[in-house]
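K.L.:
The structure that follows is given in the form of structure tokens.
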Amino acid sequence: MILELDCGNSFIKWRVISTTEMRVLAGGVVGSEDELIAVLSTSKIELSWCRLVSVRTDDETHRLMDKLRAAFAIESACAQPSREMAGVRNGYDDYQRLGLDRWLAVLGAYHLSNSACLVLDLGTAVTSDFVSGAGEHLGGFICPGMPLMRNQLRTHTRRIRYGDDAAERALQQMVPGRSTVEAVERGCLLMLQGFVHTQVVQARDWLGASFELYLTGGDAFLVKDEFPQAKVLPDLVFVGLAIACPLP
Ligand SMILES: Nc1ncnc2c1ncn2[C@@H]1O[C@H](COP(=O)(O)OP(=O)(O)O)[C@@H](O)[C@H]1O
Ligand SMILES: CC(C)(COP(=O)(O)O)[C@@H](O)C(=O)NCCC(=O)O
Ligand SMILES: [K+]
């Protein structure tokens, strides 16, 4: 069985697929390397190899690969930046600087659509990437995601304090907030939705009227109802990972 990892700034997304790549056998989201090792150990799945993408530091990524080798005796392949792959040309001036999770999401989206696409990844940060029908990556935008927006308000003000449960309840409605938690959570969500709207408007300029909109990342569910045309694919980065790191 193959272990696949997407190591973001906040969470590690993991999946186990069968060697024939036909089936996803298990998967989840964990907050730390040790939690990942613990979950995989209890699952008792026999692992033979790992492929991963990481936007963490090289030190952190190598430490994780060492831990996987020690715990399960498996080698890991790490997705690497490239100028061009699978019909897509990286649009950054320095292609190595484009976040690898963005690059893989772009590769995955273009592979699935084979047409112009706008790719939005809503995680710790929110990223957008524009790809033309000919596979030219035109670049994109980065802004703070939901966790960063709310934490900035909590950290840099004295009277904005609330817990996670209240935050979840606050988002069940979007009328003007009548408490701090409602006002902040709904305000940040409107920022998020507004960003996605502006990207869709820009995509019409940069890509023309016909393009596919892909939403991925842990907070994609917060905006998806506003964009019924979107393809919501939590595993989009893993689609790109299979392209960038084929089985040995
Ligand atoms: N099952 C889940 N586990 C963890 N975070 C989740 C989950 N579902 C949604 N989220 C939300 O996803 C966001 C993190 O998204 P993610 O794409 O994992 O970020 P990153 O790639 O930056 O680590 C958080 O704001 C969190 O609230
Ligand atoms: C923009 C990001 C921080 C997003 O990370 P995430 O929210 O997925 O954890 C990451 O893709 C990154 O570190 N990129 C490098 C900078 C760039 O893409 O220009
Ligand atoms: K992201």
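K.L.:
Pull up the DSSP beta bridges for the stretch 2-78 and report the antiparallel fraction as a percent, rounded to 5.
P.N.:
Counting only bridges with both partners in the stretch 2-78, antiparallel ones make up about 55 percent.
K.L.:
Tabulate in residue order the Karplus-calculated ³J(HN,Hα) for the stretch 131-144, using 6.51 cos²θ - 1.76 cosθ + 1.60 with θ = phi - 60°, rounded to whole Hz; enter x for Gly and Pro.
P.N.:
Couplings: 10, 6, x, 8, x, 7, 6, 8, x, x, 9, 10, 9, x Hz.
K.L.:
Another question, then. Under 5 Å between amide hydrogens, which residues at least 5 positions from residue 49 or on another chain qualify, with H placed 1.01 Å from N in the peptide plane?
P.N.:
Placed amide hydrogens put 3 under 5 Å from residue 49.
K.L.:
Work out the charge dipole of the stretch 2-78 with +1 on the Cβ of Lys and Arg and -1 on the Cβ of Asp and Glu about the Cα centre, then indicate which of 19, 73, 9 is farthest towards its positive end.
P.N.:
About the Cα centre, the residue reaching furthest to the positive side is 19.
K.L.:
Turning to a different aspect of this structure: All other residues with a Cβ under 12 Å from the Cβ of residue 27 taken together, and with Lys, Arg as +1 and Asp, Glu as -1, what is their net charge?
P.N.:
0
K.L.:
Further question on the same structure: I'd like the accessible area for residue 10, computed on protein heavy atoms only with a 1.4 Å probe and all protein chains in place. Round to 10 Å², please.
P.N.:
Roll a 1.4 Å probe over it and residue 10 shows about 50 Å².
K.L.:
Looking at the square roots a ≥ b ≥ c of the eigenvalues of the Cα gyration tensor of the stretch 2-78, which shape do they give, rounded for a/c under 1.5, prolate if a/b is larger than b/c, or oblate?
P.N.:
In terms of gyration-tensor shape, rounded.
K.L.:
Here is a further query. Using a 1.4 angstrom probe on the protein heavy atoms only, line up 97, 15, 89 by accessible area, largest first.
P.N.:
If we order 97, 15, 89 from most to least accessible, we get 97, 89, 15.
K.L.:
So, with a 1.4 angstrom probe, what is the percent of accessible area on the stretch 2-78 that is carbon and sulfur?
P.N.:
Within the stretch 2-78, the accessible surface is 53 percent carbon and sulfur.
K.L.:
Please compute the alpha carbon radius of gyration of the stretch 148-214, then divide it by the globular-protein estimate 2.2 N^0.38 Å. Two decimals is fine.
P.N.:
1.43
K.L.:
How much of residue 58 can a 1.4 Å solvent probe reach, expressed as accessible area in Å² and rounded to 10?
P.N.:
About 110 Å², ignoring ligands and nucleic acids.
K.L.:
In terms of solvent-accessible area of protein heavy atoms at a 1.4 angstrom probe, what is the ranking of 237, 55, highest value first?
P.N.:
Largest accessible area first, the residues go 55, 237.
K.L.:
Oh, and also: If you count only protein heavy atoms with a 1.4 Å probe, what accessible area per residue comes out for the chain, rounded to a whole Å²?
P.N.:
Accessible surface, normalised per residue, equals 52 Å².
K.L.:
Please list 247, 68 from largest to smallest accessible area, probe radius 1.4 Å, with all protein chains kept in place.
P.N.:
247, 68
K.L.:
Got a number for carbon plus sulfur as a percent of the stretch 131-178's accessible area, 1.4 Å probe?
P.N.:
Heavy-atom surface of the stretch 131-178 belonging to carbon and sulfur, 1.4 Å probe: 51 percent.
K.L.:
Under 20 Å Cα-Cα from residue 231, which lysines qualify once same-chain neighbours fewer than 8 residues away are excluded?
P.N.:
13
K.L.:
Given the alpha-carbon gyration tensor of the stretch 83-229, what are the semi-axes of its equivalent ellipsoid in whole angstrom, ordered largest first, with each equal to the square root of 5 times an eigenvalue?
P.N.:
Semi-axes (√(5λ), whole Å): 32, 16, 11.
K.L.:
With the Cα gyration tensor of the chain in hand, give its eigenvalues times 5 under a square root as the equivalent ellipsoid semi-axes, listed largest first in whole angstrom.
P.N.:
After scaling each eigenvalue by five and taking roots: 30, 25, 16 Å.
The values are calculated or read from the model by the stated rules, or taken from the named source; none is laboratory data. A quick note: this is a predicted structure, and the numbers were derived from the prediction, not measured. Here Cβ is always computed from backbone atoms with ideal geometry, including for glycine, and neighbour counts include all displayed protein chains. Keep in mind that these areas ignore ligands, DNA and RNA; they rest on the heavy atoms of the full protein, side chains included. Shrake-Rupley method; radii C 1.70, N 1.55, O 1.52, S 1.80 Å.
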